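Below is one structure, written out as structure tokens; the observations come after it.
Just so it is clear, none of the values below were taken in a lab; they were calculated from the coordinates. Remember, it's a predicted structure, so these values are computed and weren't measured experimentally. Cβ coordinates were reconstructed from backbone atoms using ideal geometry, including for glycine residues, and neighbour counts include every protein chain displayed.
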């Protein structure tokens with residue numbers, strides 16, 4: 001498979017410090033971290049077309065040097081280019097990689113390391129996604145909440161509601177009848193032409 005040209009990464013940057021293992025401390029919001037033991041999982045999206053490419057439940061490690069996120073698994077949206085090539089990065093001399101790209105928009109997302117020198121063995125066969133090409137959503141971070149302070153529906157309130165609906169339906173039927181009378185009487189007038 002030939003290398004697929006990719007659009008530039010998303011302008012919005014994701015911070016590696018925000019993406020961490022499920023057991024790590026939340027430094028962004030200490031009050032929220034105190035309220036829960038583990039940080040909430042994050043859904044990772046393609047920066048180009050916003051398709052889901054993975055989540056932090058498959059998180060293995062962060063690679064600060066390459067601004068990468070190492071995952072054990074990714075979604076079916078991530079395609080692997082089977083053409084193997086040598087990494088062009090000086091710190092990855094001797095690494096054989098396969099490029100990862102989004103099957104939706106063809107944006108290059110990162111790579112899979114198939115052969116590595118001993119000091120980079122921790123990357124082998126993991127999906128290394130470039131965080132500059134990702135967007136993320138933290139599950140449970142929705143700010144708008146449903147208004148649950150409303151009174152629950154009881155038999156008494158249901159009866160009142162049904163009575164109100166019945167009165168409204170009766171009023172609508174009366175108005176519909178009046179409208180049809182007006183329309184029929186205006187149809188009997190000769191038109192000025």
- Two-decimal Rg/Rh across the stretch 30-138, once Rg and the Kirkwood Rh are taken from alpha-carbon atoms: 1.01
- For labels at residue 38 and residue 141 in the simple 7 Å Cα→Cβ model, what's the distance in nm? 1.8
- For the residue 106, residue 84 Cβ pair and Förster radius 22 Å, calculated FRET efficiency rounded to 0.05 is 0.70
- DSSP-defined antiparallel bridges as percent of all bridges, the stretch 39-193, nearest 5: 95
- If each of residue 164 and residue 125 carries a label point 7 Å out from its Cα toward its Cβ, how far apart are those two points in nm? 6.3
